[in-house]
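In what follows, a structure is listed as structure tokens, so that the remarks can point back to it.
The values are calculated or read from the model by the stated rules, or taken from the named source; none is laboratory data. Quick caveat, the model's predicted, so the values are computed rather than measured. As a convention, Cβ positions derive from the backbone with ideal geometry for all residues, glycine included, and neighbour counts pool all protein chains shown. Heavy atoms of the whole protein, side chains included, go into the accessibility calculation; ligands, DNA and RNA do not. Shrake-Rupley method; radii C 1.70, N 1.55, O 1.52, S 1.80 Å.
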Amino acid sequence: MKLERFALIAEIIGGLAVLIGLVFVGLELRQNTLAQRVTATQTLVADYENAVDRLANDQRSACIYVRGSNGLENLTGIERYQFFVMWFHLLRAAEQLHYYSLEGMVEPRIWRGFQRQLDEVVRYPGVRQYWELRRDWYSDEFQGFVDEIVERVPAAESVPLSDESCGALE
């Protein structure tokens, strides 16, 4: 009888040890997932910031952005190409943020703010023109996401950032 009792106690202790081990593994996985989410968010936001940085630090690029956002007809051929490259980079970074947000790898607070920013810029006439011409360059999921913005958010007549110094660029 003592042996059976000892075996029962050993079995209970073994079960508790397994349970404690599983709780520890679960906590470790949770911490690892959080660390990956933070790292992914930081990396993706940095990629987007790099795409935007040129606009803030280069007057010619900023002017092409503003004029092009007001409509593709405001751009020369090479400016139109530059505008398309700008938006390709901006929306590719946005597509990555969107994908990782769907996978739960982007902090929801960061994603909500970023989504509001996309709602704003997709209102601009030139951005909508770009989207109509190049939407097929992006994933089906991202196309649906941007198309939903286009349907939900009314188009703007112009970008409120117009600047007289952007006239005709040389």
Need the failing condition index for R109 against (1) surrounded by fewer than 18 Cβ atoms within 10 Å (Cβ to Cβ); (2) under 23 Å from D136 (Cβ atoms), just the number. (2)
For residues that are modelled with pLDDT of 90 or more and either small (G, A, S) or on the phi > 0 side of the Ramachandran plot (or both), tally how many sit in segment 112-169. 3
Could you give every pair whose Cβ atoms fall below 6 Å, whose first residue belongs to segment 143-160 and is under 18 Å from A94 (Cα atoms), and whose second residue is open to solvent by 70 Å² or more (accessible area, probe 1.4 Å) and part of a helix (DSSP H, G or I), counting only separations of at least 6 or pairs across chains? Q143/R135
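Per-residue answers, yes or no, for (1) of a type outside the set (K, R); (2) within 27 Å of L97 (Cβ to Cβ); (3) at pLDDT 75 or above; (4) under 24 Å from the mean Cα position of the chain (by Cα):
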residue	(1), (2), (3), (4)
M1	yes, no, no, no
F6	yes, no, no, no
I9	yes, no, no, no
G15	yes, no, no, no
L34	yes, yes, no, yes
T41	yes, yes, no, yes
R54	no, yes, no, yes
F83	yes, yes, yes, yes
M86	yes, yes, yes, yes
Those residues of segment 70-86 which are touching a residue at least 60 places away in the same chain (Cβ under 8 Å) and either aromatic (F, W, Y) or assigned to a helix (DSSP H, G or I) (or both) amount to E79
Every residue from segment 61-106 that is of a type in the set (D, E), farther than 17 Å from E132 by Cβ and open to solvent by 30 Å² or more (accessible area, probe 1.4 Å): E103
